[in-house]
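This report concerns only the one structure given below.
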Amino acid sequence: MSTLLPPHGGKGLTVCLLEGAEREAELKKAAGLKQIEITPRVKGDLIMIGIGGFSPLTGFMTKADWKGVCENFLTADGTFWPVPVCLDVSKADADAVNVGDEVALYDPEGKEIMATMKVTEKYEMTDADKKWECEKTFMGEGTPTVEEFWKIAKDDHPGVQMVMNQKEFNLAGPVKVLSEGEYPTKYAGVYHRPAESRKLFEERGWSDIAALQLRNPMHRSHEYLCKIAVEVCDGVYIHSLVGNLKPGDIPAEVRVKCIDALVKNYFVEKNVIQGGYPLDMRYAGPREALLHATFRQNYGCSKMIIGRDHAGVGDFYGMFEAQTIFDKIPTPGGGKALLCKPLKIDWTFYCHKCDGMASLRTCPHSKDDRVLLSGTMLRKMLSENMQLPDHFGRDEVVVILRKYYEGLTEKVEIKTHKAATGN
């Protein structure tokens, strides 16, 4: 019997991905269905539903689910869930579909049918609905009033822009997923289904596993967080986002090389596993930290490393708001509560006077003695060919990143903020 934490929701892994003859039959049927084009974000959500990463979800949310998740962190059946997972469609597509119809979900970038879906509900999303969702999902301590939030969010928050640019209607219903896109081949050996990561953990005899979320190249602070977790858990799952990021972020294949170099040179390899997952970032700060813990539970992890400004963007969130939100969420019974717990770690950095990595809890020295930089500042300095401060990153990683930036023909301006500069 497995000693791993059970999947979220109390129903085991709800896998909606078809394979073999069943998949071939569904693909034939899909060819005759009305096609709905999906966005990259929906594609990532769809794959996660397919492989069981979003257990217990088996499709896209109804209006009751959407409202409950935004307002109370609970789906209509009382299961904890932190962010909406919805399928947006145009008014023309919504008008052409009736409740009870089956549709094919088409990825225009990959030029393939990703899934079929039985429509159980369609509902309009007005601008007022979208704004309400943004206020519930993306507002944080950095913008404590609605007026302050909207003053900057419409221009500077990529998650808000994504929601406000969604089409006019949502379709709800269960899905049958037919493809995992490019991920199994492009990231072979790194991309895992939850059943695969669970098997890896069990083979190593792990039961207490901490997940490290990464969307930036792994620098010394990430390495230190990981090593703290290795000391108190059976192992660490370095789990990188390999879906879409915002312009200026570093591609997944480059970040994977950086992690490989770090694990090979600076970790006891038997205590660390590298994995990748196919979502797009939502930049929802505290809510996204909860999402990260929720699907890491499905991958078999019992702890989620939460450090400074987890999944944040700009100055929208308090530095440790993604930690404190775990203390405020509902805890329904029957396996419907979030079981993966946060491993809360203070702001980490290299201190010249301590002569090593430290945190605000262990280092008594001043800001001037510390190397205080974020992944955002790292990208800015690399893109402008600036000299990186000593002890911010490992030499092996910096070489990989410099080579990537030297090969860029177009540069994206990197905006900095308080968290990026250590202020």
* Asked: Taking into account only those residues within region 204-219 that are at pLDDT 95 or above and among the hydrophobic types (A, V, I, L, M, F, W, C), which is farthest from E396 (Cα to Cα)?
  -> W206
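Quick grid of which residues meet (1) at pLDDT 95 or above; (2) over 24 Å from S55 (Cα atoms); (3) crowded, with 20+ Cβ neighbours inside 10 Å; (4) under 21 Å from the mean Cα position of the chain (by Cα):
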| position | (1), (2), (3), (4) |
| --- | --- |
| D315 | no, yes, no, yes |
| M319 | no, yes, no, yes |
| A322 | yes, no, yes, yes |
| I325 | yes, no, yes, yes |
| T331 | yes, no, no, no |
| K341 | yes, no, no, yes |
| Y350 | no, yes, yes, no |
| C354 | yes, yes, no, no |
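If you take the residues of region 384-423 that are aliphatic (A, V, I, L, M) and outside any loop (DSSP other than H, G, I, E, B), which of them is modelled with the lowest pLDDT?
A420
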* Can you name the residue in region 48-67 that is assigned to a helix (DSSP H, G or I) and not aliphatic (A, V, I, L, M) and, of all such residues, is nearest to the chain's Cα centre (by Cα)? -> G50
* Structure fact -> The number of residues in region 14-47 that are open to solvent by 50 Å² or more (accessible area, probe 1.4 Å), touching a residue at least 12 places away in the same chain (Cβ under 8 Å) and farther than 28 Å from D95 by Cα is 2
* Structure fact -> Pairs returned, first residue in region 305-328 that is farther than 23 Å from D208 by Cβ, second residue that is open to solvent by 30 Å² or more (accessible area, probe 1.4 Å) and small (G, A, S), beta-carbon separation under 8 angstrom, 6 or more apart or interchain, are G314/G142; D315/G142; F316/G142; Y317/G142; G318/G142
* To do: May I ask you to list pairs of residues, at least six apart or on different chains, whose Cβ atoms are under 8 Å apart, with the first in region 218-229 being without any contact (Cβ under 8 Å) to a residue 24 or more places away in the chain and the second being open to solvent by less than 10 Å² (accessible area, probe 1.4 Å)?
  => H222/L212; H222/L214
* Pairs with Cβ under 8 Å, 6+ apart, first in region 396-419 and under 28 Å from G142 (Cβ atoms) and of a type outside the set (D, E), second open to solvent by 100 Å² or more (accessible area, probe 1.4 Å) and at pLDDT 60 or above -> V412/P247
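The values are calculated or read from the model by the stated rules, or taken from the named source; none is laboratory data. Fair warning: this is a prediction, and the values are worked out from it, not measured in the lab. A quick note on method: Cβ atoms are made from the backbone with ideal geometry, for glycine too, and the neighbour counts reach across all protein chains shown. Keep in mind that these areas ignore ligands, DNA and RNA; they rest on the heavy atoms of the full protein, side chains included. Shrake-Rupley method; radii C 1.70, N 1.55, O 1.52, S 1.80 Å.
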